[in-house]
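The values are calculated or read from the model by the stated rules, or taken from the named source; none is laboratory data. None of these values were measured; they are calculated from a predicted model. Positions of Cβ are generated from backbone atoms using ideal geometry, with glycine treated the same way; all protein chains shown enter the neighbour counts.
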Amino acid sequence: MPFLFLLIVIGIPMIEIYIMIQVGSEIGAFPTIALAIFTAIVGIWLVRHQGFGLLARVREITDRGEVPALEVLDGALLLVAGLFLLLPGFLTDTIGFLLLVPPLRQWIVGRYVRVIPVRTGTPPGGGAGPRVIEGDYRRED
C-alpha cells in the first residue's frame with residue numbers, strides 16, 4: 001500500500017510535467033498556461049453547477065424521509081473532480097472532467113457499493129403483531 005501511494009504521489013506529477021512539456025513545445029508556453037487556467041475555470045464552474053443540482057436532490061430525498069447515502073458518495077466524487085480540476089495539468093483535468101459525467105459517477109458508486117433495500121417502519125420478522133421489547137423490571141411500592 002505505501003508503494004502505491006508513493007507511485008501516485010511521484011508518478012502523477014511526473015506524467016503531468018511530461019504532458020505539459022509536450023503540449024508547450026507544440027503550442028508554446030503562454031498558450032499552454034492559458035489553457036491550463038481555462039480548463040480550471042470551466043471545470044470549477046461545472047463542479048459548482050452540478051454541486052447545486054446534487055444539493056437540490058439531497059434536499060428532496062431528505063424531505064421524503066429517506067437517507068441520501070448514494071448522493072453523498074456522488075458528492076464525494078464531485079469533490080474529487082473539483083480537486084483534480086484545480087490541480088494544474090492535463091491528466092488531472094481529464095480525470096476531473098470524466099468525473100463530471102453523471103452516468104460515470106453513478107457507475108463508480110454502483111461498482112463499489114452494494115445497494116441493499118431497506119424497509120422503513122416495519123420491525124424485523126415481518127411486522128405482524130405488536131412490537132415487543134424484552135427486559136426486566138422491578139416494582140417498588
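Take segment 55-112 and flag every residue that is surrounded by fewer than 12 Cβ atoms within 10 Å (Cβ to Cβ) and aromatic (Phe, Trp, Tyr).
Matches in segment 55-112: TRP107, TYR112.
Test VAL47 against the stated conditions and say whether it is surrounded by 12 or more Cβ atoms within 10 Å (Cβ to Cβ), touching a residue at least 40 places away in the same chain (Cβ under 8 Å), under 23 Å from the mean Cα position of the chain (by Cα) and within 23 Å of LEU99 (Cα to Cα).
yes
Does LEU46 meet the test of being assigned to a helix (DSSP H, G or I) and under 18 Å from ASP93 (Cα atoms)?
Considered against the rule, which asks whether it is assigned to a helix (DSSP H, G or I) and under 18 Å from ASP93 (Cα atoms), LEU46 comes out as yes.
Here are some residues: PHE97, PHE5. Which one is in a helix (DSSP H, G or I) and modelled with pLDDT of 90 or more?
Matching residue, one of PHE97, PHE5: PHE97.
Among the residues of segment 1-31 satisfying the criterion of being within 13 Å of ASP93 (Cα to Cα) and of a type outside the set (Asp, Glu), which is surrounded by the most Cβ atoms within 10 Å (Cβ to Cβ)?
So the residue we want is MET20.
With the structure loaded, tell me whether PHE84 is of a type in the set (A, V, I, L, M, F, W, C), in contact with a Gly (Cβ under 6 Å, 6 or more places away or on another chain) and in a helix (DSSP H, G or I) or whether it fails that test.
yes
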